[in-house]
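The values are calculated or read from the model by the stated rules, or taken from the named source; none is laboratory data. Predicted, not measured: the structure shown is a model, and the values here were computed from it. Positions of Cβ are generated from backbone atoms using ideal geometry, with glycine treated the same way; all protein chains shown enter the neighbour counts. Note: areas computed on protein heavy atoms with side chains; ligands, DNA, RNA excluded. Shrake-Rupley method; radii C 1.70, N 1.55, O 1.52, S 1.80 Å.
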Amino acid sequence: MIERALILTAIAASVAVVVAVARAWSAHRLSGLMVLGHERLWSALGEAPDGRPSLVVFSTPSCAACRTAQYPAVQTVAARFGSALRVVNVDLAERPAIGDAFKVLTAPTTVVLAGDGRVGSFNNGFAPAEQLSAQVSALGVSPASPR
C-alpha cells in the first residue's frame, strides 16, 4: 500500500514538474516576441499597424477546430467590435514563414496585437469569443454600438 502511494506521489510530482517546465518555456518563447520588436512581425504579415488592434488568426486547411470553433468565435468578436478591430487570417499551409515569425506551434492560434503593433495576447489552441473579447477590451477598445 505504501509503495503505491509513493508511486502515485512520484507520478504527480513528475507531472507537476513537466507542467511547470512547459509553462516556463512557453512564457520564455512569448517574451522573445515582445523583445524582438513588433516591426518584424508586421513585416512577416506583409501589413502595417493602422492604429486599430488586430486579431491575427492562424489556421490550416485540415484544422477541424479552426472551422468548427475558432472561426465562429472570431466572427462573433469581429461583429462585436466592428471596424474598431482588424482581423487578419493566416493560412499556415500557404504562409508558413508568418507562423515561424510569430512562433506558432499549433492551429488554431490567435494573437491580439495592439493598435501600435505590439503583441497584446497570444493564445495557443482554441480561444473562445469571451476570452478574445476580453483581450481586445484590455487594449482599451470598446465594443461597437448596436444599431
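Would you mind getting the accessible area per residue of the chain, heavy atoms of the protein chains only, 1.4 Å probe, in Å²? Please list the in-between numbers first.
Values: 8300 Å² over 147 residues.
Accessible area per residue, the chain: 56 Å².
Anyone know which of 60, 68, 109 comes out most mobile in the 10 Å Cα GNM of the chain?
68
What number, in percent, do you get for the relative contact order of the chain if the mean sequence gap of Cα pairs under 8 Å and at least 6 apart is divided by its residue count?
Worked out over the chain, it gives 29 percent.
Please find, in a Gaussian network model of the chain (springs between Cα atoms separated by less than 10 Å), the residue of 117, 51, 99 whose mean-square fluctuation is greatest.
Per the Cα network of the chain with a 10 Å cutoff, 51 tops the list.
Going through region 42-143, which GluC sites (Glu not before Pro) have at most 13 other Cβ atoms within 10 Å and a DSSP loop state? All intermediate terms of the calculation are to be shown ahead of the outcome.
Values: sites: 47, 94, 130; in loops: 47, 94.
Listed in order of number, the matching sites are 94.
Hey, any idea what % of region 49-109's accessible area is carbon plus sulfur with a 1.4 Å probe?
Here it works out to 54 percent.
Taking K and R as +1 and D and E as -1, what net charge do the other residues with C-beta under 11 Å from the C-beta of residue 86 add up to?
-1
Please say if region 35-107 is rounded, prolate or oblate, where rounded means a/c under 1.5 for a ≥ b ≥ c the square roots of the C-alpha gyration tensor eigenvalues, and otherwise the choice is prolate for a/b larger than b/c and oblate otherwise?
Cα axes put region 35-107 in the oblate bin.
Calculated from the structure, volume of the Cα convex hull per residue in Å³ equals which of [x] 148; [y] 115; [z] 97?
[x]
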